[in-house]
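*Asks:* Once you've had a glance at the structure underneath, I'll fire off some questions.
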Amino acid sequence: MTEPQRRRQPSQDRSREKCETIIRAARDLIGERGNDAVSMREIARQAGVPISSIYQYFPDKKAILAAIMEGYFEQIRGLIRTFADTSSDIDSLIAQTHRGLDGLYQLFRGDPALATLWAGLQANPDLRELDAEDSRRNAAILAGKITGLFPKADPDEVYDSMLLLSHGLGMTVRIALSLEEPEGQRLFNEFKRIVSLRLQSFAGSEPASVNEA
């Protein structure tokens, strides 16, 4: 597997504006039609720039999709930091976690292109690692908060649980949005219940009992 090529970082305001225009154009096209159905030439036409301008900042379409998703990742990480920073005990942690999860669900519902973009990321072996790394960063934030609140909880167990939940969240949201209501909302509510039960288990500081392979 090859690592996605890094895009050139624009240094001047005019260059940054052009780069953002390209990202917005690609986001609209890929979000509407899917990653495979959009060409670099179409992105250039949508952005109103010569195709050579795109290659100044993005070596290929994978780099554009990575830039789009990195923006979403930062937005989601901001939600996670907010509800982690405002939690002081198990009750507030669960309440703030539910609030953050609801915020994420509404983000997806209000931006239908996001699910398509995320699917494009998952479909590319080189880009899937970006999603995995994002899940690891989110898990580290959550695990740090949980172990701070509940020092008796096993740090490795907490991190592994948060990594699994973080990585599974995007898939849960996409499945929920593909279903008719109220089934989609019920599915997402079940995910929230699973998260709550796991958080409560850490608050009780009792290690989970599992049959290890």
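Each reported figure results from applying straightforward, stated rules to the coordinates on display, with no laboratory input. None of the values given here were measured: they were computed from a predicted structure. Neighbour counts run over all protein chains shown; Cβ positions are idealised from the backbone, glycine included.
*Asks:* Remind me, what semi-axes does the chain give for its equivalent ellipsoid, largest first in whole Å, using sqrt of 5 times each Cα gyration tensor eigenvalue?
*Replies:* Equivalent ellipsoid semi-axes, largest first: 36, 18, 16 Å.
*Asks:* Quick one: grab Rg to one decimal and Dmax as a whole number for region 1-111, Cα atoms only, in Å.
*Replies:* That works out to 17.6, 54 Å for Rg and Dmax.
*Asks:* Can you spot the lysines whose alpha carbon is less than 19 Å from Lys61's alpha carbon? Ignore those fewer than 8 places along the same chain.
*Replies:* Straight-distance partners of Lys61: Lys18.
*Asks:* Moving to a separate point now. Under 27 Å between alpha carbons, and skipping anything fewer than 8 positions from Lys145 in its own chain: which lysines qualify?
*Replies:* Candidates past the 8-residue exclusion: Lys192.
*Asks:* Next question. Taking the Cβ of each residue in Met69, Met40 as the centre, tally the other Cβ atoms inside 10 Å and list the residues starting with the fewest.
*Replies:* Met40, Met69
*Asks:* For the chain, what are the DSSP H helices with axial Cα length of 18 Å or more and mean Kyte-Doolittle hydropathy of at least 0.0? Walk me through the intermediate numbers first.
*Replies:* Numbers: long enough: 13-33 (30 Å, -1.07); 61-85 (36 Å, 0.27); 90-110 (29 Å, -0.07); 125-149 (37 Å, -0.44); 155-178 (35 Å, 0.52); 183-203 (30 Å, -0.31).
Those that clear 18 Å and a mean of 0.0 are 61-85, 155-178.
*Asks:* May I pose another question? Enumerate by residue number the trypsin sites (Lys or Arg not before Pro) in region 115-213 meeting two conditions: DSSP loop (anything except H, G, I, E, B), and at most 12 other Cβ atoms within 10 Å of the site's Cβ.
*Replies:* Lys152
*Asks:* Now for a different question. Normalising by the residue count of region 58-142, find the relative contact order in percent from Cα pairs under 8 Å and 6+ residues apart.
*Replies:* 35
*Asks:* I've got another one for you. So if R0 is 41 Å, what FRET efficiency would Asp156 and Arg33 give, r being the distance between their Cβ atoms, rounded to the nearest 0.05?
*Replies:* E between Asp156 and Arg33, to the nearest 0.05, is 0.45.
*Asks:* Write down the Å³ per residue value for the convex hull defined by the alpha carbon atoms of region 13-59.
*Replies:* 60
*Asks:* With the crude spin-label approximation of a point 7 Å out along Cα→Cβ, what separation in nm comes out for Arg16 versus Ala140?
*Replies:* 2.5
*Asks:* Using only the alpha carbons, work out the radius of gyration and Dmax of region 134-189 in angstrom.
*Replies:* According to the Cα coordinates of region 134-189, Rg and Dmax are 14.0, 42 Å.
*Asks:* Also: Mind jotting down a quarter of the surface of the convex hull over the alpha carbons of region 70-160, in square nanometres, one decimal?
*Replies:* 6.2
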